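Trainee: Quick one: the structure is below, and I'll ask about it shortly.
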Amino acid sequence: MQRLLLLQQLSTNPNFDVAIIGGGATGLGAAVEAALKGYRVVLLEAQDFAKGTSSRSTKLLHGGVRYLAQGNIALIYQALHERGVLLNNASHLAHPLSFIVPTYSWWDTMLYTVGLKIYDALAGASSLGPTHHLSSKLIKSRYTHLMAYGLKGGVQYWDAQFDDSRLAISLARTAQSLGARVINYCPVQSLNHQDGLVKGLNFQDALTQSNYTINAACVINATGVWVDDIRNMSPHSKNSSLVSASQGVHVVVDHLFWPYDEALLIPKTSDGRVLFVVPWMGHVILGTTDTPQSDLLLEPKPTLEDVQFILQQVAPYLNKAPRIQDIKSMWAGLRPLVQANSHQKTGATSQISREYFIGVDSSRLVTITGGKWTTYRVMAEDVIDRCIQEGFLPKPPQNKSTTHLHPIKGLSSDAPTPDRVRYAVQNEMALSVEDVLARRSLVLFLEAGLAIQLAPQVAQIMASEGIADPRLDEFVALAKKYMAEYLAG
Ligand SMILES: Cc1cc2nc3c(=O)[nH]c(=O)nc-3n(C[C@H](O)[C@H](O)[C@H](O)COP(=O)(O)OP(=O)(O)OC[C@H]3O[C@@H](n4cnc5c(N)ncnc54)[C@H](O)[C@@H]3O)c2cc1C
């Protein structure tokens, strides 16, 4: 539906069952869940869909190998099941991916073989393939770019890879097709209360600065690392903080550094985590880091230390290690980590659980945050169930969630034109050059230099599609920050 028409409809009919704030994985998942249950749903995103953390992931659908060491079996089991659901429902955006774990001692070979066999067993019917021990001879002959010195063997196991920002756009379109009103560039500015209870919200269309009011039986705060800003809009808020953020950086290099279909898992970095070398769209992603971050920027900055850390950790495993000047793109994202106990601050964010949090405050504002992309669907199911249990929403005729059976939209078969750029404007709510080159086509995340080259042409096409100001200069300034040269400044 045309943006203007949609906004007009919101001003003439502002009454909804569910109003969702935030258009990342969590909010969009909740919109699909609620719409499929038959509720009247509106979702407001301040920027573009997935502009926050949801376009900055490692793009893995996984149980989380590192949780094995922590013994968090329930978390792995749930995520592996959800991995299978998404592979079924969005096969155009997700596919199985095999991983190699090189080992340099007999003990590690045994440990990882047994551990990863358990990991696969937890997937049950959703297993994507068996875990195998690989001999050092086989690894050396097949993966000639892997450092052979001291290699004792390895393990091959399966997880999956997906396209995070395109999944977000597809979820937005899926929610729309179910009748939800989903709109980007509409920041929520305040909540409306009656007798101390939240009854709706006020938002602004960032393009025209027009203001709108929405009335809703249930308001869901799904704003990731920014949930505390919305919680603190309540009159009785105690300005408490629920979330702490951890910054994760990725860098992208040419596929020649790791020219294989399988990903490489480096099982132990110097700070005791795992690090991935993942083939992705003809390139390779290296990452990630895990550093506490108190500045909740929309565009978090990779630091020279972050990037050097990644390259240093990868170097001992590759015969030809990438250098800073080999970086084609780099970016940072903020993990919303729910503080295990808000007064118990450990300072080490990697110790805080990746499980999600759903809470209802005294004004009846429902907040959901934490978790991971892989579990977005089950998080959505839980948050809508919670709204029903609290009595904010009437029980729907079809009470059980059906999102696990509902296909997620792909490219529209009635696309009026094969041009990518025009398609993104006409069908995917792209409003700026950044929307097209970052989250609709991923060029910015793959090759920032190429994105800068393409930008003027994209702006021209967008202008011919009626976008008066596609914000070309803003995009070029942003894209420069995705280039390695930026680290020097
Ligand atoms: C480095 C890194 C790697 C990761 N890798 C993986 C991975 O491989 N696999 C995996 O499963 N998970 C991964 N994750 C986790 C996953 O990306 C996140 O859990 C998920 O994207 C969080 O989604 P979200 O919707 O909660 O938050 P966000 O995506 O941040 O969405 C919140 C949205 O709220 C909007 N918002 C804020 N304020 C307002 C307002 N006032 N009005 C309207 N909207 C507002 C923001 O603009 C934003 O778009 C990774 C995370 C990081 C940081």
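The values are calculated or read from the model by the stated rules, or taken from the named source; none is laboratory data. The structure presented is a predicted model; accordingly, all values stated were derived computationally and were not measured. Please note: Cβ atoms are built from the backbone with ideal geometry, for glycine as well, and neighbour counts cover all protein chains shown.
Trainee: Among the candidates G71, G38, G23, G63, single out the residue that is within 16 Å of the ligand (Cβ to nearest atom), over 30 Å from A148 (Cα atoms) and not basic (K, R).
Mentor: Values: G71 fails: within 16 Å of the ligand (Cβ to nearest atom); G38 fails: within 16 Å of the ligand (Cβ to nearest atom); G63 fails: over 30 Å from A148 (Cα atoms).
Criteria check complete, one pass: G23.
Trainee: Moving on to the next point. Condition test on V85, is it in a helix (DSSP H, G or I), β-branched (V, I, T) and either under 19 Å from the mean Cα position of the chain (by Cα) or closer than 18 Å to D164 by Cα (or both)?
Mentor: Working: in a helix (DSSP H, G or I): yes; β-branched (V, I, T): yes; either under 19 Å from the mean Cα position of the chain (by Cα) or closer than 18 Å to D164 by Cα (or both): yes.
Yes; evaluated as a whole, the condition is true for this residue.
Trainee: Among (1) surrounded by fewer than 19 Cβ atoms within 10 Å (Cβ to Cβ); (2) modelled with pLDDT of 95 or more; (3) closer than 23 Å to S240 by Cα, which single condition is Q312 missing?
Mentor: Failed condition: (3).
Trainee: Same structure again: Which one of these is more than 16 Å from the ligand (Cβ to nearest atom), at pLDDT 95 or above and in contact with a Pro (Cβ under 9 Å, 6 or more places away or on another chain): G196, G154, G179? It would help to see each step written out before you state the result.
Mentor: On the way: G196 fails: at pLDDT 95 or above; G179 fails: in contact with a Pro (Cβ under 9 Å, 6 or more places away or on another chain).
Testing whether each residue is more than 16 Å from the ligand (Cβ to nearest atom), at pLDDT 95 or above and in contact with a Pro (Cβ under 9 Å, 6 or more places away or on another chain) leaves just G154.
Trainee: Go through the stretch 238-264 and count every residue that is over 22 Å from R323 (Cβ atoms) and within 16 Å of the ligand (Cβ to nearest atom).
Mentor: Initial filter on the stretch 238-264 (over 22 Å from R323 (Cβ atoms)): 238-247, 261-262.
Narrowing further to those that are within 16 Å of the ligand (Cβ to nearest atom): 241-247.
The total comes to 7.
Trainee: Give me the residue from the stretch 348-381 that is within 17 Å of A168 (Cα to Cα) and among the charged types (D, E, K, R) and, out of that set, modelled with the lowest pLDDT.
Mentor: K372
Trainee: Run down L286, L298, L304 and say which single residue is of a type in the set (A, V, I, L, M) and surrounded by 16 or more Cβ atoms within 10 Å (Cβ to Cβ). Lay out the reasoning, then the answer.
Mentor: Details: L298 fails: surrounded by 16 or more Cβ atoms within 10 Å (Cβ to Cβ); L304 fails: surrounded by 16 or more Cβ atoms within 10 Å (Cβ to Cβ).
Only one candidate passes the filter, namely L286.
Trainee: Hey, another quick one. Take R83 and tell me if it is more than 11 Å from the ligand (Cβ to nearest atom) and among the basic types (K, R).
Mentor: Numbers: more than 11 Å from the ligand (Cβ to nearest atom): no; among the basic types (K, R): yes.
Considered against the rule, which asks whether it is more than 11 Å from the ligand (Cβ to nearest atom) and among the basic types (K, R), R83 comes out as no.
Trainee: Looking at L68, L97 in this structure, which one is in contact (Cβ under 8 Å) with a residue 40 or more places away in the chain, part of a helix (DSSP H, G or I) and either outside the structural domain of V278 (by TED's automatic domain parsing) or under 19 Å from Y260 (Cα atoms) (or both)? Step through it out loud before you land on a result.
Mentor: Values: L97 fails: part of a helix (DSSP H, G or I).
It is L68.
Trainee: Is it the case that V443 is more than 14 Å from the ligand (Cβ to nearest atom) and surrounded by 18 or more Cβ atoms within 10 Å (Cβ to Cβ)?
Mentor: Criteria met by V443.
Trainee: Out of the residues in the stretch 158-176 that are surrounded by fewer than 24 Cβ atoms within 10 Å (Cβ to Cβ) and assigned to a strand (DSSP E or B), state the one that is farthest from the ligand (Cβ to nearest atom).
Mentor: Among those that are surrounded by fewer than 24 Cβ atoms within 10 Å (Cβ to Cβ) and assigned to a strand (DSSP E or B), it is W158.
Trainee: Looking at D435, D473, can you tell me which residue is assigned to a helix (DSSP H, G or I), modelled with pLDDT of 95 or more and over 20 Å from the mean Cα position of the chain (by Cα)?
Mentor: Values: D435 fails: over 20 Å from the mean Cα position of the chain (by Cα).
Among D435, D473, only D473 is assigned to a helix (DSSP H, G or I), modelled with pLDDT of 95 or more and over 20 Å from the mean Cα position of the chain (by Cα).
Trainee: Criterion first (farther than 16 Å from C186 by Cβ, surrounded by fewer than 24 Cβ atoms within 10 Å (Cβ to Cβ), among the acidic types (D, E) and within 15 Å of the ligand (Cβ to nearest atom)) does E33 satisfy it? Let's see the steps before the verdict.
Mentor: On the way: farther than 16 Å from C186 by Cβ: yes; surrounded by fewer than 24 Cβ atoms within 10 Å (Cβ to Cβ): no; among the acidic types (D, E): yes; within 15 Å of the ligand (Cβ to nearest atom): yes.
For E33, the condition - farther than 16 Å from C186 by Cβ, surrounded by fewer than 24 Cβ atoms within 10 Å (Cβ to Cβ), among the acidic types (D, E) and within 15 Å of the ligand (Cβ to nearest atom) - is not met.
Trainee: Let me ask something else about it. Tell me, yes or no, whether the stretch 245-255 has at least one residue that is part of a helix (DSSP H, G or I) and touching a residue at least 12 places away in the same chain (Cβ under 8 Å). If you could, list the steps in order and put the result at the bottom.
Mentor: Our first condition is that a residue be part of a helix (DSSP H, G or I); within the stretch 245-255, this holds for 255.
From what is left, the residues that are touching a residue at least 12 places away in the same chain (Cβ under 8 Å) are 255.
Within the stretch 245-255, one or more residues are part of a helix (DSSP H, G or I) and touching a residue at least 12 places away in the same chain (Cβ under 8 Å).
Trainee: Could you run through the stretch 176-213 and say how many residues are touching a Lys or Arg at 6+ places or on another chain (Cβ under 9 Å) and of a type in the set (A, V, I, L, M, F, W, C)?
Mentor: 7
Trainee: Would you mind telling me which numbered condition in (1) surrounded by fewer than 23 Cβ atoms within 10 Å (Cβ to Cβ); (2) modelled with pLDDT under 95 L450 fails?
Mentor: (2)
Trainee: Being near the ligand (Cβ under 8 Å from one of its atoms) and of a type in the set (K, R) is the filter here, so list the residues in the stretch 363-385 that pass it.
Mentor: K372
Trainee: Turning to a different aspect of this structure: Please go through the stretch 249-284 and pick out each residue that is farther than 18 Å from N319 by Cβ and in contact with a helix residue (DSSP H, G or I) (Cβ under 7 Å, 6 or more places away or on another chain).
Mentor: Of everything in the stretch 249-284, those that are farther than 18 Å from N319 by Cβ and in contact with a helix residue (DSSP H, G or I) (Cβ under 7 Å, 6 or more places away or on another chain) turn out to be V249, V251, V252, P267, T269, S270, R273, V274, M281, G282, H283.
Trainee: Also, I was wondering about something else. Check T144 against each of (1) over 24 Å from T374 (Cβ atoms); (2) touching a helix residue (DSSP H, G or I) at 6+ places or on another chain (Cβ under 9 Å); (3) away from the ligand (no atom under 16 Å from the Cβ); (4) in a loop (DSSP other than H, G, I, E, B) and name the one condition it does not meet.
Mentor: Going through (1) over 24 Å from T374 (Cβ atoms); (2) touching a helix residue (DSSP H, G or I) at 6+ places or on another chain (Cβ under 9 Å); (3) away from the ligand (no atom under 16 Å from the Cβ); (4) in a loop (DSSP other than H, G, I, E, B) one by one, T144 breaks only (2).
Trainee: Still on this structure, I have one more. Inspect the stretch 217-231 for any residue being touching a residue at least 40 places away in the same chain (Cβ under 8 Å), more than 19 Å from P302 (Cβ to Cβ) and surrounded by fewer than 15 Cβ atoms within 10 Å (Cβ to Cβ) and give the result as yes or no. I'd like the intermediate steps shown before the answer.
Mentor: Keep residues of the stretch 217-231 that are touching a residue at least 40 places away in the same chain (Cβ under 8 Å), which gives 217-227, 230-231.
Checking which are more than 19 Å from P302 (Cβ to Cβ) leaves us with 217-223, 226-227, 230-231.
This time we only want the ones that are surrounded by fewer than 15 Cβ atoms within 10 Å (Cβ to Cβ), so: none.
No.
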